[in-house]
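Structure, as structure tokens:
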Amino acid sequence: MTTEAKMVGGKGGWNGDARLAALRLCPPFADWDEGALARLAAIARVEHHARGAEIFARDPERREAFVIAAGEIEISRVSASGRKYVLSVSGAHSVLALVRLLDRQPIHFTYRAYSDTTLLHLPAARLIAILDAQPMLWRSIALFMCARQGDSLRLLNDQQLGSLEQRMAATIVDLARIHGIEGKEGTEVGLRLPQEQLGAMLGITRQSVNKLLRGFEEAGLIATDYNRLTIRDHAALDRIAASRD
């Protein structure tokens, strides 16, 4: 194991009860009975990944799903020309890489720690065994994947049909929904958001990002400060996000 992915155990606070608590907050597993959840916690391997570390760096084909217990994970892909596209940045209590339950599914995306992150790694074969032992548990996985498919179709629709302004607004709204922190000045997106990162999410240049953010800020919709972004007028940003040319 590399220094980027360091095993942590009970001494680091991730005993069985802590793993259970983290899994219980994860949507696909929230309604599982205590016995099934305990079996899931028993197979979970706890690892800490330093900011910037690639999750499956040594074995890109490793068949594991994982739950974000703390921190954030960036999901991205690099084109043949070397251009990076960021699909999303997921936060605590998200489950990722469930597609790896399918042993013949090609693996396209890269998972990277966006900040120092603690993950519960779930080996696919052992997770499938738990699901097969109680087939009704597959229902929660299926519903979750249907919702994920709906999100992907909405994202594709926005990317194809939306204006740059609409796409930027939708991206900020989505990030705030996942990572938002309410405060006196508005809703802060609780992530470091360099303009290069937003550009990779939208497939546009840093200069275009700067122009869009400056326009939003001049209109009183957002405030920016050293890679931090706060939504000042949520309703107006929602209207732009929902608009179409």
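Number of residues in region 26-41 that are exposed (fewer than 14 other Cβ atoms within 10 Å of the Cβ) and closer than 19 Å to Ala97 by Cα equals 2.
Residues of region 102-127 that are open to solvent by less than 80 Å² (accessible area, probe 1.4 Å) and at pLDDT below 90: Gln105, Pro106, Ile107, Phe109.
Condition (residue is touching a Lys or Arg at 6+ places or on another chain (Cβ under 8 Å), at positive phi and outside any strand (DSSP E or B)) applied to region 80-96: is it met by at least one residue? No, region 80-96 has no match at all.
Can Asp17 be described as open to solvent by 30 Å² or more (accessible area, probe 1.4 Å), charged (D, E, K, R), out of contact with any strand residue (DSSP E or B) (no Cβ under 9 Å at 6 or more places or on another chain) and in a loop (DSSP other than H, G, I, E, B)?
For Asp17, the condition - open to solvent by 30 Å² or more (accessible area, probe 1.4 Å), charged (D, E, K, R), out of contact with any strand residue (DSSP E or B) (no Cβ under 9 Å at 6 or more places or on another chain) and in a loop (DSSP other than H, G, I, E, B) - is not met.
Every test in (1) over 27 Å from Gln134 (Cβ atoms); (2) of a type in the set (Asp, Glu); (3) at pLDDT 85 or above is passed by Glu47 save one, and that test is (1).
Which of (1) open to solvent by 60 Å² or more (accessible area, probe 1.4 Å); (2) over 20 Å from the mean Cα position of the chain (by Cα) is the odd one out, the single condition Ile130 does not satisfy? Going through (1) open to solvent by 60 Å² or more (accessible area, probe 1.4 Å); (2) over 20 Å from the mean Cα position of the chain (by Cα) one by one, Ile130 breaks only (1).
The values are calculated or read from the model by the stated rules, or taken from the named source; none is laboratory data. The model shown is predicted, which means the values in this text are computed figures rather than measured ones. As a convention, Cβ positions derive from the backbone with ideal geometry for all residues, glycine included, and neighbour counts pool all protein chains shown. Surface accessibility is based on the protein's heavy atoms, side chains included, excluding ligands, DNA and RNA. Shrake-Rupley method; radii C 1.70, N 1.55, O 1.52, S 1.80 Å.
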